[in-house]
Amino acid sequence: MNKKKKKIKNIKIYNILNNKNNKKYENKIIKTKGWIKTKRKSKIGIIFIEINDGSCLNNLQIVIKKKKIKNYNNKIKKINNGCSIIIKGKLKKNKKNLKYEINAIKLKILGKIKNAKKYPISPKYHSLEFLRKISHLRPRTKIFGAISRIRSSLIFYLHKYLQKKKFFLINTPILTSLDTEGHSKMFKIENKKKNFFNKKTYLTVSGQLNLESYSCSLSKVYNIGPVFRAENSNTKKHLAEFWMLETEIAFSNLKNIINLSKNLLSYSFKKILKNNYEDILFLNEKSNNKIKNLKHIKNIINKKYIIISYNKIIKILKKEKIFKKNKIKWGINISNKHEKFLTEKYFKKAIIIKNFPKKIKPFYMKTNKDKKTVSCIDIILPKIGEIIGGSEREYKLKNLDKNIKKKLLKKKKYKWYRELRKFGTIPHSGFGLGIERILMYITNLNNIRDVIAFPKYPNNINF
Ligand code: 4AD
């Protein structure tokens, strides 16, 4: 009788190194695939390579002995850092360090490194500035593996929390003729065929107005997607293309969005800390400003914020000698310097600033009873600055029209948005959360260009 050959299992490195069930593969022949990260030869001629397949932070060691591998000399010459391979062998626990490793019995090379001298990713340290120039290859480094896994988890858990709370995802458009914020610098779409849309068209700066339209029916809605800003902000905290999560909630007020922001961040941080612990720890260890016990993450999980009004913030800043007295006036924007002082020196905590002056905020925000301020929040984190901006929306047509006029905007352009106030208007509120700013905070990296796959910023489109 023809005995069926037992298929050898292909196991991801994560399952070999971290899975509680990995005991079931111990002393068994398995297969795994990945890229070589290091290669060294022992004094007695054994080759040790470490491979990684991106499924987790740590590499898997492969032990290669001459007598076990067919065509050994030829193969060993060809493999080096960066090569992609398939390994077959016995999974063993290393007696010294108790880590799993594979004693290879077969090695197949899938992709060689054609010109090793020209391959820019080596096992040595590369600066983040250097890696930015080769953004198509930087995912191969340990650091970008960790960042990418954390980013993926963050977006997943943000979705998960909102879905659990019965929010509906609305895919708001990227092409638009409308400026959500009123006076943003937008990227204009050029098309060979002139007047494709018969209107000036841009890349959107925010999906908020579209979300408002859906919240006026589905009540609780959100989006996560790329938005575009053409400001020439060449800073460590600004991108020309970044990802934003926005929520919009019918029948809600400022208190509701403060609570939602705090709960959403607390939930997703808690999950990420559990699921991406190794990655977070690794990045924190690498950072120049290591944070003891990952306290920054725990503070957000424990919802430690100071909630304070803009008026009170101005009073605090006025008393501070480090700021020029005549520069601190009611009506100014809270700058980076002020944010840094407040979160890192004065309160030493994340802060939520409420009720900013009407004249420095967009037309859609609801005016407070004092007529001078609007019902809004900025959430500001130590070292990062603003991560969330939100507000109650002006839901009465008369007041909205007054704002449109005061901000010198064209009423005609906002025709459909105004109609939301004409037909069954409701009090509603929402906020926008900058995904990359949150990632900077979690990963403790200080340049926003390193927490997005292919960063776009002035003079850099990459590809
Ligand atoms: O405060 P912003 O501009 O708010 C809006 O766009 C609202 N329409 C959102 C809403 O209420 N639905 O942006 C929201 C967040 C900021 O708090 C910040 O975290 C991030 O987006 N952000 C940027 N991130 C990276 N690069 C930039 N150029 C950013 N500008 C804003």
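Would you be able to say whether some residue in the stretch 223-231 is more than 17 Å from residue 175 (Cα to Cα) and either within 15 Å of the ligand (Cβ to nearest atom) or touching an Asp or Glu at 6+ places or on another chain (Cβ under 6 Å) (or both)?
The answer is yes; a qualifying residue exists.
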- Message: I'd like to know if the stretch 187-196 contains one or more residues that are within 16 Å of the ligand (Cβ to nearest atom), aromatic (Phe, Trp, Tyr) and crowded, with 18+ Cβ neighbours inside 10 Å.
- Response: no
- Query: Taking the stretch 419-440 only, how many residues are within 16 Å of the ligand (Cβ to nearest atom) and either modelled with pLDDT under 95 or in a helix (DSSP H, G or I) (or both)?
  - Reply: 7
- Taking the stated definitions as given, is residue 266 surrounded by fewer than 23 Cβ atoms within 10 Å (Cβ to Cβ), in a helix (DSSP H, G or I) and within 11 Å of the ligand (Cβ to nearest atom)? no
- Which of the following residues is of a type in the set (Phe, Trp, Tyr), buried (at least 19 other Cβ atoms within 10 Å of the Cβ) and touching a residue at least 40 places away in the same chain (Cβ under 8 Å): 202, 222? 222
- Tally of residues being among the β-branched types (Val, Ile, Thr), at pLDDT 95 or above and over 15 Å from residue 99 (Cα atoms) across the stretch 48-75: 1
- Task: May I ask you to say which residue of 62, 51, 76 is surrounded by 12 or more Cβ atoms within 10 Å (Cβ to Cβ) and in a helix (DSSP H, G or I)?
- Result: 76
- Message: Can you report the number of residues in the stretch 382-403 which are in contact with a helix residue (DSSP H, G or I) (Cβ under 8 Å, 6 or more places away or on another chain), in contact (Cβ under 8 Å) with a residue 40 or more places away in the chain and either near the ligand (Cβ under 9 Å from one of its atoms) or open to solvent by 40 Å² or more (accessible area, probe 1.4 Å) (or both)?
- Response: 9
- Query: Which of the residues spanning the stretch 269-294 are basic (Lys, Arg), in a helix (DSSP H, G or I) and in contact (Cβ under 8 Å) with a residue 24 or more places away in the chain?
  - Reply: 270, 271, 286
- What is the number of the single condition among (1) farther than 21 Å from residue 339 by Cα; (2) among the aliphatic types (A, V, I, L, M); (3) open to solvent by less than 10 Å² (accessible area, probe 1.4 Å); (4) in contact with a Leu (Cβ under 8 Å, 6 or more places away or on another chain) that residue 211 does not meet? (4)
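Kindly establish whether residue 126 is in contact (Cβ under 8 Å) with a residue 60 or more places away in the chain and outside any helix (DSSP H, G or I).
no
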- Query: With respect to the numbered conditions (1) part of a helix (DSSP H, G or I); (2) open to solvent by 40 Å² or more (accessible area, probe 1.4 Å); (3) closer than 27 Å to residue 349 by Cα, which one is the sole condition not fulfilled by residue 217?
  - Reply: (3)
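Among the residues of the stretch 352-374, is any β-branched (Val, Ile, Thr), open to solvent by 10 Å² or more (accessible area, probe 1.4 Å) and more than 20 Å from residue 317 (Cβ to Cβ)? Break it down into steps so the answer makes sense when it comes.
Looking only at the stretch 352-374, we keep the residues that are β-branched (Val, Ile, Thr), and these are 352-353, 360, 367, 373-374.
Of the ones still in play, those that are also open to solvent by 10 Å² or more (accessible area, probe 1.4 Å) are 360, 367.
Within this subset, residues satisfying the condition of being more than 20 Å from residue 317 (Cβ to Cβ) are 367.
Yes.
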- Note on the structure: Apart from one, (1) open to solvent by 60 Å² or more (accessible area, probe 1.4 Å); (2) touching a Phe, Trp or Tyr at 6+ places or on another chain (Cβ under 7 Å) all hold for residue 315; the odd one out is (2)
- Message: Exactly one condition in (1) open to solvent by less than 10 Å² (accessible area, probe 1.4 Å); (2) more than 16 Å from the ligand (Cβ to nearest atom); (3) of a type outside the set (S, T, N, Q) is false for residue 310; which is it?
- Response: (2)
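Please verify whether residue 329 is assigned to a loop (DSSP other than H, G, I, E, B), within 28 Å of residue 268 (Cβ to Cβ) and either of a type outside the set (A, V, I, L, M) or more than 12 Å from the ligand (Cβ to nearest atom) (or both), treating the condition exactly as stated.
no
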- Item | Members of the stretch 441-460 found to be more than 14 Å from the ligand (Cβ to nearest atom) and in a helix (DSSP H, G or I), listed by number | 443
- Task: Give the stretch 148-174 a look and list any residue that's more than 30 Å from residue 56 (Cβ to Cβ) and either open to solvent by less than 80 Å² (accessible area, probe 1.4 Å) or in a loop (DSSP other than H, G, I, E, B) (or both), or say none.
- Result: 165, 166, 167, 170, 171, 172, 173, 174
- Note on the structure: All-but-one check, residue 120 against (1) surrounded by fewer than 13 Cβ atoms within 10 Å (Cβ to Cβ); (2) free of Cβ contacts under 8 Å to residues at least 24 places away in the same chain, failing number (1)
- Task: Please tell me if residue 242 is aromatic (Phe, Trp, Tyr) and either near the ligand (Cβ under 9 Å from one of its atoms) or open to solvent by 60 Å² or more (accessible area, probe 1.4 Å) (or both).
- Result: yes
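The values are calculated or read from the model by the stated rules, or taken from the named source; none is laboratory data. This structure is a prediction, so every number in the text was calculated from the model and none was measured. Note that each Cβ is placed from the backbone with ideal geometry, even for glycine, and that neighbours are counted across all protein chains shown. Quick note on the areas: whole protein, heavy atoms, side chains included, nothing else; ligands and nucleic acids left out. Shrake-Rupley method; radii C 1.70, N 1.55, O 1.52, S 1.80 Å.
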